[in-house]
């Protein structure tokens, strides 16, 4: 299974992350298929860049984002959040 997940970069206590597409069995910082962005939580406000076109492509072919990446993709607009369905009135 192909996953979209975070890959840690940087020195101790100076972490930044890359958003990568990787095979699900590879280690967190191991081999990856494609780098589609980065995330730096250490600055205020947090800095993020995502190649939305490539993220949508990988999602369309079945790549599963991790929970953290799902939140980042929603903020970037690459992942459309479904609108809540209105319940029909009872009666």
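Values as computed for the structure displayed
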read-out: Meets criteria (in a loop (DSSP other than H, G, I, E, B), under 11 Å from the mean Cα position of the chain (by Cα) and either at pLDDT 95 or above or over 14 Å from residue 3 (Cα atoms) (or both)) for residue 86; value: no
read-out: Residue ID - farthest from residue 55 (Cα to Cα), chosen from residues in the stretch 5-15 that are under 14 Å from the mean Cα position of the chain (by Cα) and surrounded by 11 or more Cβ atoms within 10 Å (Cβ to Cβ); value: 7
read-out: Residues located in the stretch 40-58, provided they are in contact with a strand residue (DSSP E or B) (Cβ under 7 Å, 6 or more places away or on another chain) and over 25 Å from residue 13 (Cβ atoms); value: 51, 54, 55, 58
read-out: Qualifying positions in the stretch 16-39 - exposed (fewer than 13 other Cβ atoms within 10 Å of the Cβ) and out of contact with any strand residue (DSSP E or B) (no Cβ under 6 Å at 6 or more places or on another chain); value: 23, 25, 27, 28, 30, 31
read-out: Those strands (runs of 3 or more DSSP E) lying entirely in the stretch 1-43 with at least 3 residues without any contact (Cβ under 8 Å) to a residue 40 or more places away in the chain and more than 16 Å from residue 76 (Cβ to Cβ); value: 2-9, 16-23
read-out: Residue list for the stretch 44-71, filter: in a loop (DSSP other than H, G, I, E, B) and more than 19 Å from residue 1 (Cβ to Cβ); value: 44, 45, 46, 51
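The values are calculated or read from the model by the stated rules, or taken from the named source; none is laboratory data. These figures come from a predicted structure and were not determined experimentally. Positions of Cβ are backbone-derived with ideal geometry, glycine not excepted, and every protein chain shown enters the neighbour counts.
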